[in-house]
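Right, one structure below, let's go through it.
What follows draws every value from the coordinates through simple rules; no lab data is involved. Everything numeric in this text was worked out from a predicted model, so none of it was measured. Cβ atoms come from the backbone with ideal geometry, glycine included; neighbour counts cover every protein chain shown.
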Number of protein chains: 4
Amino acid sequence: MANTQRPWCGREVVVADEREAGLGRAREGDEQARALAERLHDPARVLALSDGVFAIIITLLVLEIHVPELTPGHSLNQALAEVRPSLVAFVISFILAGMYWVAHRDLFALIRRTDRGLVWLNILYLLPLCLLPFAAGLLGRYDQEPVALRIYGLLLVVIAVMRVAIWLYATNRPHLLWQRLDDRQRRAGLALNLYPGLVYLLGFLVAKTAPGVSLLIYGVMPVLYFLSITVLRGSRKRNQEYADFT
Amino acid sequence: MANTQRPWCGREVVVADEREAGLGRAREGDEQARALAERLHDPARVLALSDGVFAIIITLLVLEIHVPELTPGHSLNQALAEVRPSLVAFVISFILAGMYWVAHRDLFALIRRTDRGLVWLNILYLLPLCLLPFAAGLLGRYDQEPVALRIYGLLLVVIAVMRVAIWLYATNRPHLLWQRLDDRQRRAGLALNLYPGLVYLLGFLVAKTAPGVSLLIYGVMPVLYFLSITVLRGSRKRNQEYADFT
Amino acid sequence: MANTQRPWCGREVVVADEREAGLGRAREGDEQARALAERLHDPARVLALSDGVFAIIITLLVLEIHVPELTPGHSLNQALAEVRPSLVAFVISFILAGMYWVAHRDLFALIRRTDRGLVWLNILYLLPLCLLPFAAGLLGRYDQEPVALRIYGLLLVVIAVMRVAIWLYATNRPHLLWQRLDDRQRRAGLALNLYPGLVYLLGFLVAKTAPGVSLLIYGVMPVLYFLSITVLRGSRKRNQEYADFT
Amino acid sequence: MANTQRPWCGREVVVADEREAGLGRAREGDEQARALAERLHDPARVLALSDGVFAIIITLLVLEIHVPELTPGHSLNQALAEVRPSLVAFVISFILAGMYWVAHRDLFALIRRTDRGLVWLNILYLLPLCLLPFAAGLLGRYDQEPVALRIYGLLLVVIAVMRVAIWLYATNRPHLLWQRLDDRQRRAGLALNLYPGLVYLLGFLVAKTAPGVSLLIYGVMPVLYFLSITVLRGSRKRNQEYADFT
């Protein structure tokens, strides 16, 4: 590059070239090691695996909606009423998975490199996520049953715990990020990751005494989420660090 | 770049460098904020998720074709006759999903950036799409039943509504596009997105009184689509804005 | 670029700049139209969808292997014997899908741009491919039944026909290719795409009279394929155009 | 480039341009052949297919966890106890698939080009991997049955054999790698790929006499793996070649 920028400095260029050639052999191993490290830390395949898993989860959810038995004279309303619990579980789970994917995309927009810890935390985050179709199937079949509601809530709490773990791990390691986050930004992101977990914990806790309230909490959560995003975005000017993650 | 292009202007270059270094520190935060914004608005993962969902939907459709009971002496025709309704529902749904994917690809060829609204509209578009294997399973099992045909048509109408919503949202926001569309192009695209929705609405409405006609409409729609594309492409010279989206 | 390469020609550069600015406004629309055309013809999402479909097909095949009923004292051999027909159908279908994917990858290594025809031919190629898990399930359950073998063979013939159609379509349109193929290369590729189709047609035709031979043909085909690749690669020096596609 | 770097050498540049134009026509065919070869050997689609398969496998595992029959008054513990064997098989298989994916990503970080042999070895590696949901379903249903444990172990051994085959094939062909590995690095990688295979072989062998020990081996393996990684990373300074692959 140097000789492109100062082409009239013929001699300097030659000297620089020689020096670089001299150092080159010594540094070549370092270069290669660094290039390998970059490839090993490239997030591309982590994102490819995660996007694949998210895509499959939201599509597999449909397998839990079973084709109802239709008899001649069955009305549209009757048929829809039969699949209603499954459909409710499908829509809630779909929106939740969508929220998790949006949050995953937002988080990884901050991440430049992945290390082994982050790669494994991401896999361990996908583990409870992959159980979502099972929990949705359970909820679709036993939508009044406290146990089904508790298992569903438990799963959402575990997912939230893993999200918090990834957030803390990644933002604690500035060399993994495109840019260092300051303490306020880290706390803001932590709050955004903790907040749904606490709401789901509430849904889990009330499932035994008030199953209807529990289901309502799971279903209303997305609405709360969209409302809070709208409010936070409205106050974007005052609160830049929240706005970045909504 | 400036010093590469005018290498003889040594002094000017130095001055420029100093000025840039001076401004650099002040502008660095802006730079980083802009780079983060670009990553947050990058459509890459939206497309990865969408392509994954489309790929899974068209492949999951096959799960609704159940292996028939074969007895010795069963002819090929008899076996095919048994799976015929499932196969018809599979082919119709496959071609429809293919049309949706092609339209999605065409739309996102116009889109340079995604914002939170577009990301969520896309997720809410994938939601009814993911119900297609269920509706296809229903149609494959009850291909004469008005209710099955109405649910299938209802789903196609909802998908069409979401397509129109994405089209209006994206083309109304020039900063999300590679290039601004003029009013004629927007209306042309809107028509192309509305048109199948209206046809499916017809299929939904006649399902009760004439189930055969309804099935015919769903099945013939792709043929109409290919014909209209051929006609529109034939008139490409006169009608550039239609041709872009076919 | 011109002023980088000849920085001493100050005046010429300025003149060129002015001319370009003059023409620029007129040409801008063309530029944008060309950029849009490039994005509309970019094969990236066609490959993403196809790779997704191939990945799902080879993984869905496993769903046709049902967990056998095990009783205490069941030996490993007995258990494996029970799933043997399903396992054979799985392995044959997996290897076939692998061959199709390799051929798809080889073909699209030649393709620079996709047009609407190629996009749709690719979707219509994926259609019979997506029926492979169904045909494998049928074959795994009725591996002695002529009808199952005929349906399996019929599907492979349809897939082969679609492969030939894509090959002819793409290689007939040099503007879609990275480089024009000469007639010998086109014929060689056509032969490689036709050849398995003819073998499967044979398997289909003999299924009624000799089911065992038919199954053998489907299973032995991959072996033939690998052998012919080895032979063709051995003669690479003499026959460059074959070697490119094996 | 030459004329950018030495813009004052006008005549030389022109001469060079003429010579290059002269040679250009002769070399153009070679250029195109080399560009085609690069596209044919590009690992991108191999990784896309593999990531897709891994994503689907870990998500399909959930289909083997069946929704339990819940009766009113069923406690959370009873419900969880019913799905416990399936859940254990799910978690073990998920973590194993995660380990395979991490190892696949590490291996392909070394690989610059794929040839036909590597592409097919990769497909033949994915084959036993795709049987994992079947083996997990078997293990979830018959977690005390020696045969189920032996089939599961057998599958893990086959996967390990394929991993070793890919490692030997790729590292033996320096033209496929970003940089040549020395003998110590190759042996270290071989050991890391062999080691789990030997542990699974032990699990397979003891399954008949001590099924509990066998299940323990499959379940404890990931823990051993994480422990050994931690130890190896601790000794990174001394043992660079191990550290690269952990």
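Viscosity 0.692 mPa s, temperature 37 °C: what is the translational diffusion coefficient of region C:42-161 from Stokes-Einstein with a Kirkwood Rh over Cα pairs, rounded to a whole number of µm²/s? Using the Kirkwood radius from Cα pairs, D works out to 208 µm²/s. In region D:67-170, taking the dipole from charged Cβ atoms about the Cα centre, the farthest positive-side position among D:I92, D:A135, D:I159 is held by D:I159. So for the pair C:Q179, C:F226, with labels modelled 7 Å out along Cα→Cβ, what separation do we get in nm? Label at C:Q179, label at C:F226, 3.1 nm between them. By the Cα gyration tensor, region D:117-156 has an equivalent ellipsoid whose semi-axes, rounded to whole angstrom, run 26, 9, 4 from largest to smallest.
Compute the FRET efficiency between B:T209 and B:V161 as 1/(1 + (r/R0)^6), taking r as their Cβ-Cβ distance and R0 = 22 Å, and round to the nearest 0.05. So, using R0 = 22 Å, E works out to roughly 0.40. Averaging the Cα positions of each part gives two centres, and for region D:67-114 and region B:145-178 these lie 36 Å apart.
Each Lys and Arg adds +1 at its Cβ and each Asp and Glu adds -1 at its Cβ; summed about the Cα centre, region A:144-225 shows a dipole of about 240 debye. Here the dipole of region D:102-202 is about 400 debye; that uses its Cα centre as origin and unit charges on the Cβ of Lys and Arg (positive) and Asp and Glu (negative).
With both labels modelled 7 Å from their Cα along Cα-to-Cβ, the A:L190 to B:L168 distance reads 4.3 nm. With label points defined 7 Å past Cα in the direction of Cβ, position C:Q144 shows copy-to-copy spacings of 3.6, 3.6, 5.0 nm, given to one decimal and shortest first.
Relative to the other identical copies, B:T209 shows label-point distances of 5.6, 5.6, 8.0 nm, where the label point lies 7 Å from Cα along the Cβ direction and values run shortest first. So which trypsin sites (Lys or Arg not before Pro) in region B:182-228 pass both tests, a DSSP loop state and at most 10 other Cβ atoms within 10 Å of the Cβ? Hits after loop and neighbour filter: nothing returned. When D:N172 is represented by a point 7 angstrom out along its Cα-to-C-beta vector, the spacings to that point in the other copies are 4.5, 4.5, 6.3 nm, nearest first. Per residue, the convex hull spanned by the Cα atoms of region B:131-224 amounts to 101 cubic angstrom.
Based on alpha carbons, the Rg and Dmax found for region B:35-101 are 19.2, 68 Å. Start at zero, step by 5 Å, and the Cα-Cα distances of region A:78-130 spread as 5, 15, 18, 20, 12, 10, 8, 6, 4, 2, 1 percent across the bins.
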